[in-house]
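The values are calculated or read from the model by the stated rules, or taken from the named source; none is laboratory data. Note that the coordinates shown come from a computational prediction; the quantities given were computed from them, not determined experimentally. Counting neighbours? That spans all protein chains shown, and the Cβs are built from the backbone with ideal geometry, glycine included. When the accessible area is computed, the model is the full protein with side chains, heavy atoms only, and any ligands, DNA or RNA have been set aside. Shrake-Rupley method; radii C 1.70, N 1.55, O 1.52, S 1.80 Å.
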Amino acid sequence: MKVFEKLIFPNGSEIANRIAKAAMEENMADLNHAPSEALMRLYQAWADGGAGLIITGNVMVDRRAMTGPGGVVLEDDKHLDIFKRWAQIARSQGAQVWLQINHPGRQMQSNLGQATWAPSAVGLDLGKMSDRFSLPIEMTQTMINEVIQRFANTARLGEKAGFTGVEIHAAHGYLLSQFLSPLSNKRQDQWGGSLENRARLLIEIVKAVRAVVSDQFTVAVKLNSADFQCGGFSAEDAQLVVEMLNELAVDLVELSGGSYEAPAMQGQARDGRTLAREAYFLEFAQEIRKIAKMPVMVTGGIRRKQVAEQVIESGVDMVGIATALAIDPNLPNAWKQGQNITPTLKPISWKNKTLASLANMATVKFQLRKLSLGKKPNPQVSPLWALILQQTAMASRTRQYKHAMANILKARG
């Protein structure tokens, strides 16, 4: 079966099979925003599970810019020994392990108490929940330069810690995705307007990362196939950005889609009864594969062996699996042994799409928490109960984060 054939990347490194543990946001950092013991146990479970590639949840390039208050941050070498242990655990069974490096831009909740940066001063439109996010500051050239250097610095530190690569997050409505979309990028300078200008930040970050890591270190990009908003980043735009990335030393492009405003990346928000809908970015990935010079990975709701096979047989190089590996981290091994297991969460059919998306993420995080405690996941957990638990935990972590940031500010005088 092709899913279990090895894949060689353009930089010459290889992985044992075509299954990737796609990124999920764990929010399990310790109080210093370094990997916690719980995170170590979680990644041991995935390492033992047999995926050829493990991509971490968000690792932030700036502790002032967080997708969640319990997120991991790698901006200096203060806790590099802990990151080395994380890499060692995740790589213990031979998988490649990449840090997904990210900056949230305007997608950072206002209750974290930090100023948010974005290409333009355009706020998130989440209806009644819009006030959870502040109106962002339009980034200056100095801010843009700082972000480029921060991505490069985190990548450099990641290689120093023993990770085999990084994935630059330019999807799901985060900062680089905001620059790519004409809905959030209204700039009239070299960073806005034409697609070439809107893609400039991503291109410059890829170049800066490549300049500070070794040739053997894998550099990947996560890109939206589209942001599913009228007048936004389109499928045609995505194809043109991949053509730009073809000219750089990029080893893989992962295709997903959506943002906080249009959460298409939430697999449970889609009807998964048919093969075509389960791999719901597959058709686009096949088109991208025709023009991409690097391997292509598709992520989005895949949880069945036959769908994974269909993806690889269609010519796409890798399948990214997230939720299914939160429910059953041993899934790749089970499939390889001929077991036709299909991990599934309780469906969420709430009318409020934003709340449904939050509940879906909370239900996944509930499974991650169970695994991190060495317990069995509970895919039948009530989405409402998972959301309540998650919001309570987030409130506590938010207070801790704000207190720590206030102390840092106080220490700086």
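Could you give the length gained on full extension between D125 and I203, defined as 0.36 nm per residue of separation minus the Cα-Cα distance, in nm?
Numbers: separation 78, 0.36 × 78 = 28.08 nm, distance 2.73 nm.
In short, 25.3 nm is gained.
Tally up the carbon and sulfur contribution to the accessible surface of the chain as a whole percent, 1.4 Å probe, everything protein left in place.
Working: 8330 of 16560 Å².
With neighbouring chains kept in place, the figure for the chain is 50 percent.
Taking the DSSP beta bridges in the range 1-100 as the whole, what percent of them are antiparallel, to the nearest 5?
Working: 3 of 11 bridges.
Here the antiparallel bridges make up roughly 25 percent for the range 1-100.
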Original post:
So how exposed is R304, as accessible area in Å² (1.4 Å probe, rounded to 10)?
Top reply: 50
Original post:
Using a Gaussian network for the chain with springs between C-alpha atoms less than 10 Å apart, which of these wobbles most: K207, K290, K128?
Top reply: K128
**OP:** Find the all-direction average of the projected area of the Cα convex hull for the range 123-213, expressing the result in square nanometres with one decimal place.
**Re:** 6.8
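Got a sec? What order do S357, S396 fall in by accessible area at 1.4 Å, biggest, i.e. largest, first?
Values: S357 15, S396 45 Å².
Largest accessible area first, the list is S396, S357.
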**OP:** State, to one decimal in nm, how far the label point of K290 lies from the label point of T392, with both points 7 Å from Cα in the Cβ direction.
**Re:** 5.3
Subject >> Expected 222 nm ellipticity per residue - DSSP helices of 4 or more, -39500 (n - 2.57), all of the chain, to 500 >> reply: -12000 deg cm²/dmol
Original post:
If each of S92 and Q141 carries a label point 7 Å out from its Cα toward its Cβ, how far apart are those two points in nm?
Top reply: 5.0
Subject >> Virtual spin-label span in nm between D77 and K336, 7 Å along Cα→Cβ >> reply: 3.5
**OP:** Please find the FRET efficiency linking S214 to R85, where r is the Cβ-Cβ separation and R0 is fixed at 25 Å, and quote it to the nearest 0.05.
**Re:** 0.75
Original post:
So which residue, out of P104, P119, P377, gets the largest mean-square fluctuation from a GNM of the chain using Cα contacts under 10 Å as springs?
Top reply: P377
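Leaving out ligands and nucleic acids, note down the accessible area per residue over the range 5-342 with a 1.4 angstrom probe, in whole Å².
Working: 11920 Å² over 338 residues.
Dividing the accessible area of the range 5-342 by its residue count gives 35 Å².
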Original post:
Probe 1.4 Å, all protein chains in place: accessible area of Y174 in Å², nearest 10?
Top reply: 20
Original post:
Anyone know which of T363, T154, T354 comes out most mobile in the 10 Å Cα GNM of the chain?
Top reply: T354
Original post:
Quick one: ranking W350, W117, W86 by accessible area, 1.4 Å probe, largest first, what do you get?
Top reply: W350, W117, W86
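With every protein chain kept in place and ligands, DNA and RNA left out, what is the accessible area per residue of the range 369-413? Probe 1.4 Å, answer in Å². Don't skip to the answer; put the middle values down first.
Working: 3140 Å² over 45 residues.
That works out to 70 Å² per residue.
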Original post:
What length, rounded to one decimal in nm, is gained on full extension from R412 through to K353, with 0.36 nm per residue of separation minus their alpha-carbon distance?
Top reply: 17.0 nm
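For the pairs K128/K376; K128/K207; K160/K207; K6/K222; K21/K375; K207/K410, note any where the Cα-Cα span goes beyond 29 Å. Walk me through the numbers on the way to the answer.
Details: K128/K376 36 Å; K128/K207 40 Å; K160/K207 19 Å; K6/K222 21 Å; K21/K375 19 Å; K207/K410 36 Å.
Check vs 29 Å cut-off fails for K128/K376; K128/K207; K207/K410.
Just the projected area, averaged over all directions, of the convex hull on the alpha carbon atoms of the range 5-342: how many nm²? If you can, show how the numbers build up before the last one.
Details: hull surface 61.6 nm².
Computing the convex hull of the Cα atoms and averaging its projections yields 15.4 nm².
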Original post:
Packing-wise, with mean Cβ within 10 Å as the measure, how do 196-204, 2-10 rank, highest first?
Top reply: 196-204, 2-10
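FRET efficiency for K376 and Q188, Cβ-Cβ distance as r, R0 = 45 Å, nearest 0.05? Before the final figure, lay out the partial values.
On the way: r = 55 Å, r/R0 = 1.21.
After rounding to 0.05, the efficiency reads 0.25.
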Original post:
Heavy-atom accessible area of E313 with all protein chains present, probe 1.4 Å, nearest 10 Å²?
Top reply: 120
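What full-extension length gain, to one decimal in nm, is calculated for W385 and K346 as 0.36 nm per residue of separation minus the Cα-Cα distance?
On the way: separation 39, 0.36 × 39 = 14.04 nm, distance 1.23 nm.
Between W385 and K346, full extension yields 12.8 nm more.
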Original post:
In what order, largest first, do D215, D189 sit by accessible area if the probe radius is 1.4 Å?
Top reply: D215, D189
